Amino acid sequence: MAEAEAARRVANPIQVLGRSTLAAVRMVGSVGVFAVRGVAAALTPPWFLSQLWRQIVAIGFFSLPVVGLTAVFTGAALALNIFTGGGRFNAEQVMPQIVALGITRELGPVLAALMLAGRVSAAIAAEIGAMRATEQIDAMRTLSTDPFRYLVGPRLLAGVLMLPLLTAVADTIGVAGGWLVATRVLEFSPTIYIRNTLDFLQAWDVVSGLIKAAVFGFIVALMGCYHGYNASGGARGVGRATTHAVVSSAILIFASDYLLTTFFTHAAQ
Amino acid sequence: MGVVVLALAAGFLTYSLSVGGVATKRGNYEISAKFGEAGSLAPGAAVSVAGVKVGTVSQVTLEPKTYLAVAKLSIDPTVKLPADSTAKITSDGLLGGAHIAIAPGAALDDLKPGGEIENTQGAVDIFGLIGSVIRPQGGASSDAAASSTPAPANPATQPAESY
Amino acid sequence: MTEAIPKLAWKGVTKRFDGRAVLDGLDLSVAPGKSLVIIGGSGQGKSVTIKTALGLMRPEAGKIELDGKNVVGLSEGARRKLFSRVGVLFQGAALFDSLTVWENVAFRLINADGVPRKEARERAIEALDQVRLAPAVADRFPSELSGGMQKRAGLARAVVARPEILFFDEPTTGLDPITAAAINQLISDQVRRLGSTAVSITHDLASAQTIGDEIAMLHDGRIIWRGPAAELRTTGNPYVRQFVEGRAEGPISHAV
């Protein structure tokens with residue numbers, strides 16, 4: 001008897017490891033299938049244009065304040081830090097260029113995406129999760145309407161289209177934040193700061209940031225839709241779905257950011 | 001609120017483009033200049049007259065027969081340059097990027113689109129200069145800038161020549 | 001008498017959740033134009049019965065035949081065509097929160113049938129009138145309506161496209177007796193008006209007897225009794241007796 005107990009206790013960690021690995025693989029597959037269905041729904045007719053418009057406004061326009069605030073404070077803080085760092089090489093004068101590079105290539109897209117992960121991904125998961133819990137998704141299917149076309153497709157498209165635009169705004173306002181600090185606090189010349197920034201920035205700096213933003217936008221919308229669609233267990237399930245959506249969006253944003261940055265760095269050479 | 005953010009972004013952007021100068025590339029005319037040493041001059045670098053940006057470098061290529069660096073300059077159409085102007089590759093201090101400064105000449109004719117600036121001076125090689133100052137004496141030179149600052153990425157070739 | 005093809009039939013349907021067989025070889029059929037009510041204890045699988053018929057859940061075994069043709073495992077596209085022939089009233093009405101009442105009622109017309117919005121709105125208001133909701137309700141949002149009004153709007157949404165089969169999932173649960181009676185009456189009126197086949201699930205006996213031509217009782221994944229509505233209270237079947245009399249003791253023990 002005691003031996004059987006001991007054997008069970010040893011087997012358990014292995015079981016747990018095996019189970020969680022299988023669960024992870026299953027989840028990757030599940031998300032993959034969901035993503036393919038969502039993309040197919042987004043890219044083929046029939047489209048629900050009114051739904052798409054609603055999502056564009058919800059994701060794009062209403063995220064502007066939070067993205068703007070994030071960008072201006074980040075740009076300002078970054079400027080101060082790069083100035084300090086540059087000062088150790090007597091190279092304070094390059095601060096505008098480095099700040100612009102950092103914002104357009106990395107901080108603009110990533111921070112905008114993270115703010116959207118918190119705001120948009122959670123909202124999508126909550127809304128679709130609540131619909132799932134109250135049988136609205138089943139009802140929609142019985143009304144001969146594909147929930148992937150009506151709910152998921154428009155959100156995916158809106159995410160991919162809007163986050164680059166939001167990032168462009170974030171880039172501009174981020175540089176403006178750096179400029180404000182530089183001109184008011186660090187005594188840079190306003191026009192020289194801007195001239196140096198514009199002369200230094202290459203199109204690819206900005207464009208690579210926007211491509212990243214499109215990928216991040218897809219991730220944010222996908223995670224919100226996936227976790228909401230598969231929510232189970234009533235109100236608690238909806239809450240869980242919201243949390244999972246935000247956390248998984250954030251993790252995927254960081255991971256894909258690293259992959260894309262590596263790819264872009266090599267591609268440019 | 002979103003409208004405010006968009007307005008602020010748009011405002012800053014237009015301000016930047018107007019300050020950054022030469023906001024639109026339309027209407028610019030092209031001239032060229034040949035240098036013995038281009039240094040770190042790259043497309044997008046500024047072209048200025050009396051310190052004011054009047055255009056950009058649109059291309060830097062090697063002329064195969066003469067081994068000279070040919071720079072194509074895209075100039076603001078409102079700026080006319082006398083035919084005997086001088087073009088010099090210079091930089092804003094040790095870490096500033098290389099750009100072209102044009103000193104206007106006194107000729108009555110202006111450079112036409114497609115024309116060439118005859119009088120040029122190529123990029124100055126800092127390492128070469130420091131080396132030639134240090135090497136003969138075997139000691140530290142007082143002319144060279146602080147050695148702890150990293151110099152711009154100039155190839156350590158022979159000192160610049162005027163063309 | 002020749003056996004007419006039933007409108008809807010479950011044949012040997014088995015559905016498991018976590019190893020437990022909620023439906024275990026279910027055999028049931030509904031004749032065209034007739035109204036069947038399925039009763040049974042909570043957690044017995046009544047909702048699952050409807051959901052498998054609708055294709056919202058897939059059974060592990062068995063066939064479900066609509067007009068004699070098996071509909072288990074259909075592709076999404078084929079199923080969407082089937083859906084155009086059914087109307088469903090879900091347990092909480094399942095109205096879409098972000099749309100107005102008329103947009104809910106006209107949802108199928110606008111989004112699946114391509115009806116222009118103006119005409120769809122007129123038909124929606126007509127349907128609302130059928131369930132005795134005033135036109136003023138049309139522009140309100142579902143969250144502004146009472147439970148009973150939401151159910152009526154849900155019913156209007158189910159019948160607006162004149163479906164061949166109607167499904168009702170616990171239509172009177174959570175309603176006060178008077179509202180429940182009104183809903184029962186409306187359901188029975190609509191079913192008769194449209195000549196549809198109807199399948200309802202409920203544990204409200206008054207509802208069962210008002211709506212149903214026939215009643216079937218589901219227990220342990222199978223149908224253990226079936227008969228005309230009038231026989232519900234007179235049958236000797238012990239399970240039915242315990243259910244009708246509302247006794248805690250009897251052959252039905254609560255394992256859930």
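Computed from the coordinates by the stated procedures, all read-outs in this text should not be read as laboratory data. Since this is a predicted model, take the numbers as computed values, not measurements. With ideal geometry, Cβ positions are generated from the backbone for all residues, glycine too; neighbour counts draw on all protein chains shown.
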Cβ neighbours within 10 Å, averaged per peptide: list C:56-65, A:134-143 in order, most packed at the top. A:134-143, C:56-65
Ellipsoid semi-axes in whole angstrom, largest first, where each is sqrt(5λ) of the Cα gyration tensor of region A:89-175: 41, 12, 7
Alpha-carbon centroid distance for the pair region C:72-99 / region A:29-55, whole angstrom: 19 Å
Of the candidates C:F141, C:N111, C:V131, the farthest towards the positive dipole end of region C:86-162 (Lys/Arg Cβ +1, Asp/Glu Cβ -1, centred on the Cα centre) is C:V131
Arrange the peptides A:81-93, A:18-30 so that the one whose residues have, on average, the most other Cβ atoms within 10 Å appears first. A:81-93, A:18-30
Tally Lys/Arg at +1 and Asp/Glu at -1 over every other residue whose Cβ is under 10 Å from the Cβ of A:F48; what's the total? +1
Could you work out the mean count of beta carbons from other protein chains within 10 Å of each residue's beta carbon in C:109-116? 3
Working from the alpha-carbon coordinates of the protein assembly as shown, get Rg over Rh, Rh being the Kirkwood radius. 1.19
If one computes the Cα centroid of region A:246-267 and of region C:163-241, what distance in Å separates the two points? 56 Å
Lys/Arg +1, Asp/Glu -1 at C-beta; region A:48-268 dipole; positive extreme among A:L260, A:G153, A:F216: A:G153
Placing one identical point scatterer on every Cα of region A:1-158 and ignoring solvent, what is log10 I(q)/I(0) from the Debye formula at q = 0.09, 0.15, 0.17 Å⁻¹? -0.57, -0.93, -1.04
Kirkwood-type radius of region B:23-121, with distances r between different C-alpha atoms, in Å: 13.4 Å
In nm, the gap between the two label points placed 7 Å beyond Cα toward Cβ at A:A4 and B:T78 is 9.5 nm
Could you state the principal axis extents of the C-alpha atoms in chain A, from the largest down, to the nearest angstrom? 75, 59, 36
Using a Förster distance of 60 Å, the FRET efficiency for B:E63-A:V33 (Cβ separation, nearest 0.05): 0.55
Sites C:K69 and A:A203, calculated FRET efficiency, Cβ-Cβ separation with R0 41 Å, nearest 0.05: 0.10
With the crude spin-label approximation of a point 7 Å out along Cα→Cβ, what separation in nm comes out for A:T191 versus C:R132? 8.0 nm
At least 20 Å along the helix axis (C-alpha) and Kyte average at least -0.5, DSSP helices within chain A: A:2-43, A:64-87, A:153-184, A:203-229, A:234-268
Kirkwood hydrodynamic radius over Cα pairs of chain C, then Stokes diffusion coefficient at 37 °C and 0.692 mPa s, in µm²/s: 174 µm²/s
Going toward the positive end of the dipole of the protein assembly as shown, with +1 on Lys and Arg Cβ and -1 on Asp and Glu Cβ, which of B:Y15, A:T70, A:G85 do you reach last? A:T70
In whole Å, how far is the Cα centre of region C:105-134 from that of region A:218-235? 30 Å
Percentage, to the nearest whole number, of Cα pairs in region A:68-122 over 19 Å apart: 34 percent
If you take each beta carbon of peptide C:94-100 and count the beta carbons of other chains within 10 angstrom, what is the mean? 4
Inside 10 Å of the C-beta atoms of A:188-196, what's the mean count of C-beta atoms belonging to other chains? 4
Share of Cα-Cα pairs in region C:86-162 lying beyond 15 Å, as whole percent: 44 percent
